[in-house]
Amino acid sequence: QCSECSARKTLFFLLCNSGNLPVNAVKNVSTPHIRLATVNDIDAIFVIRTSVKENHLSREQLTRMGITHGAISELIRSSPCVWIAQVGENLAGFSMADINEGSVFAMFLLPEFEGLGIGRLLMEKVEETLFRHHSAIWLETGRKSRAHGFYQRLGWQVTRELEEGDVRMEKSRPEVNS
């Protein structure tokens, strides 16, 4: 089965179920696989992004922010900076990096895939890529969000308080023992 067919099937499945899959239906499907996104994943990326519990944005809000099908397509085609977490045939989450800025731009999971270690795998991939280009990397998140605690557990440190309750967090490249 081709990856385009698989992505379409996954998107159809997600749309038909409106993100309300029974948790038991996905917990033991298979081992998560992290891969680079393709333009065929863009519709599923929007389904995932608009299905989150926290920091929810509608498709219209994303469009007003300049986050469009075309913008994500350009990101995917310009550099390896968007990753997909795939569990069996399900697209469970994604992450995006701004390699030039050294930042994690996005990391989102479908709610039914939370707590399975998939977010950690996505962050490992994005951090590995960013640390190839930068000695310190950063992201912004809400201080009171669940994501804030998640990033702290991964070793991220708050470096600045921002407006509207957000914080800037940074992480330094791990030292390599010789």
Label points 7 Å out from Cα along the Cβ direction at Ala71 and Thr159: separation in nm? 2.4
Whole-Å distance linking the alpha carbon centroid of the stretch 76-116 with that of the stretch 141-178 is 18
Relative contact order (percent) for the stretch 75-125, with alpha-carbon contacts under 8 angstrom and 6 or more residues of separation? 28
For a quick check: with amide H placed at 1.01 Å from N, whose amide H comes under 5 Å from Asp166's, ignoring anything fewer than 5 positions away on the same chain? Arg143
Taking the Cα-to-Cβ direction at Val39 and at Leu57 and moving 7 Å from each Cα, how far apart do the two end points lie in nm? 2.2
Kirkwood estimate for the stretch 57-178, i.e. one over the average of 1/r between Cα atoms, Å: 15.4
Hey, can you rank 52-64, 120-132, 144-156, 101-113 by average C-beta count inside 10 Å, highest first? 101-113, 120-132, 144-156, 52-64
So with the 1.4 Å probe, I'd like the accessible area per residue for the stretch 74-175, rounded to whole Å². 50
Taking only C-alpha pairs under 8 Å that are 6+ residues apart, what is the relative contact order of the stretch 38-178 in percent? 17
Identify the residues of the stretch 87-114 with backbone N under 19 Å of a label point that sits 7 angstrom from the Cα of Ser30 along the Cα-to-Cβ direction, or state none. 87-94, 110, 113-114
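The values are calculated or read from the model by the stated rules, or taken from the named source; none is laboratory data. Just so you know, these numbers come straight off a predicted model, no measurement behind them. Virtual Cβ from ideal backbone geometry, glycine too; neighbours counted across all protein chains shown. These accessible areas exclude ligands, DNA and RNA; they are computed on the full protein's heavy atoms, side chains included. Shrake-Rupley method; radii C 1.70, N 1.55, O 1.52, S 1.80 Å.
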